[in-house]
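The structure under discussion appears below in the form of structure tokens.
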């Protein structure tokens, strides 16, 4: 009986730590492959070489690059929210707007941002506003689609009830449609926040003097591959943190919109 | 009261005059790529005070290729900068881009084949039938058929693979390609990479194989030259001093870049500068003078550029893109 209990406990502990153990195992395997096969750093740098490269760069420089990327990503993300949600609401209210704007939005989304980015830089200059616009172009579409889907999914009977009680359109939108759209909006926000980092990096690849994307491009141009990997991993960590922040925001302020376990 | 107003007016006037006198002229310098040893002179100019001595406040913007740099000068985002004169010639032949070449920087072509020292490619004549890797957007690709033809080989004598610039070195070291095409300014970087793989490299510059032309040059926006000719002239004068300093003291020049861009390793930069300066200070500059564009070599450069880009030689008078009015006396 005791043996069975301790087996169950071990299984539970293993389950709890499985993601961490898997990650550590992967890193150990990576290090072992690099060492045993004596791979040069320019082919595949080992995790220890990447860690060393990370600490070779001054902390203040990392913070400078991080802030440049983060500020553009967050401004682009914010602009995207400010445009997308009102646009989705307007499109759901007016069939004419929906018919007119939707195809245009699809065209904008289908145009590769990487191809348009140099043109934006030429038109708007190589400062932050153009990088924010590039980020916004990449992030706004999932937000429009998810908000519009959420608004559309409001049950008809609730809308009918609100109209039978003569509720003004503003109340119908804020108290019925938006709350129904919240889970969808957060799904869109989670996609958009990761795209915001990609957008900022794309913009930095085209024109920038600072930022993690610029740093990676710069490191590659000097064949400092471990340093480029360090930048890449830092970028991925920031992206993960931002994704989690959106999740936490939903849990703290809109916990009711999460599926019940 | 009667005397107070004029006194205040005089004070205000003198203050505004003194602030005008102390405000240096702002100049935006455009690089055609990211900071590195091959872009040293502008950093040297700032760090050694050559621009300050000319009352200039110079800021530097990085670029993403010669075409990008020319576009930024043409659209007024930058005043002056370095880029391949070939890119300017090609742009001018197709559109009247308001940019001119004012000072010759690379008087030799920077393009080269890089192979491993134990390879059987010992000269350019050994490349037919070999696997050669290059990056997709380098200007070298356009000159490859010309240098092959110049050496009696067909334009398609090599099997060309296009790959990311960062992958070229690793491909060569791991034996995935027999040779790569890159600029001689990167010799130090490839040498370091080869050393880490226990190998050595051999460089075969195309300038040794008959490709005689101007390459990276100091360009300036026509608007800048027309509206602020004195500033432009002072800039070129200071830049020329910075070029001479860079050639004489590569180590200090490497430190100067490192001071402004801490990510650039000063020793690597110094090695890059030594490689780069062979394109700047050489038999051509010894004969013609530093920074001088000669009519004959400009015409020859255009002949190559026109051929490389599939343009008619009549599409441009190459002299029309050169402005010699800013050359230091």
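Looking at the structure I just gave you, is residue B:211 in contact with a helix residue (DSSP H, G or I) (Cβ under 8 Å, 6 or more places away or on another chain), closer than 23 Å to residue B:301 by Cβ and at pLDDT 95 or above? For residue B:211, the condition - in contact with a helix residue (DSSP H, G or I) (Cβ under 8 Å, 6 or more places away or on another chain), closer than 23 Å to residue B:301 by Cβ and at pLDDT 95 or above - is not met.
Identify the single condition in (1) away from every other protein chain (no Cβ under 13 Å); (2) surrounded by fewer than 18 Cβ atoms within 10 Å (Cβ to Cβ) that residue A:37 does not satisfy, given that it satisfies every other one. Only one criterion in (1) away from every other protein chain (no Cβ under 13 Å); (2) surrounded by fewer than 18 Cβ atoms within 10 Å (Cβ to Cβ) is unmet by residue A:37, namely (1). Restricted to helices (runs of 4 or more DSSP H) entirely inside region A:91-192, those with at least 2 residues that are within 30 Å of residue A:210 (Cα to Cα) and touching a residue at least 40 places away in the same chain (Cβ under 8 Å) are A:113-124, A:128-152.
Of all residues in region B:200-211, those that are surrounded by 17 or more Cβ atoms within 10 Å (Cβ to Cβ) and either closer than 30 Å to residue B:319 by Cα or within 12 Å of chain A (Cβ to nearest Cβ) (or both) total 5.
Considering (1) more than 14 Å from chain B (Cβ to nearest Cβ); (2) modelled with pLDDT under 95; (3) under 27 Å from residue A:223 (Cβ atoms); (4) surrounded by 15 or more Cβ atoms within 10 Å (Cβ to Cβ), the lone condition that residue A:85 does not fulfil carries the number (3). When you check residue A:185 against the structure, is it surrounded by fewer than 18 Cβ atoms within 10 Å (Cβ to Cβ), under 18 Å from residue A:137 (Cα atoms) and either touching a helix residue (DSSP H, G or I) at 6+ places or on another chain (Cβ under 7 Å) or within 10 Å of chain B (Cβ to nearest Cβ) (or both), yes or no? So residue A:185 fails the test. Remark: residue B:178 matches the filter, which requires a residue to be more than 23 Å from residue B:41 (Cβ to Cβ), away from chain A (no Cβ under 14 Å) and crowded, with 18+ Cβ neighbours inside 10 Å.
Checking each residue in region B:132-157 for being surrounded by fewer than 16 Cβ atoms within 10 Å (Cβ to Cβ) and over 22 Å from residue B:217 (Cβ atoms) picks out B:136, B:149, B:152, B:154, B:155, B:156.
The values are calculated or read from the model by the stated rules, or taken from the named source; none is laboratory data. A quick note: this is a predicted structure, and the numbers were derived from the prediction, not measured. Note that each Cβ is placed from the backbone with ideal geometry, even for glycine, and that neighbours are counted across all protein chains shown.
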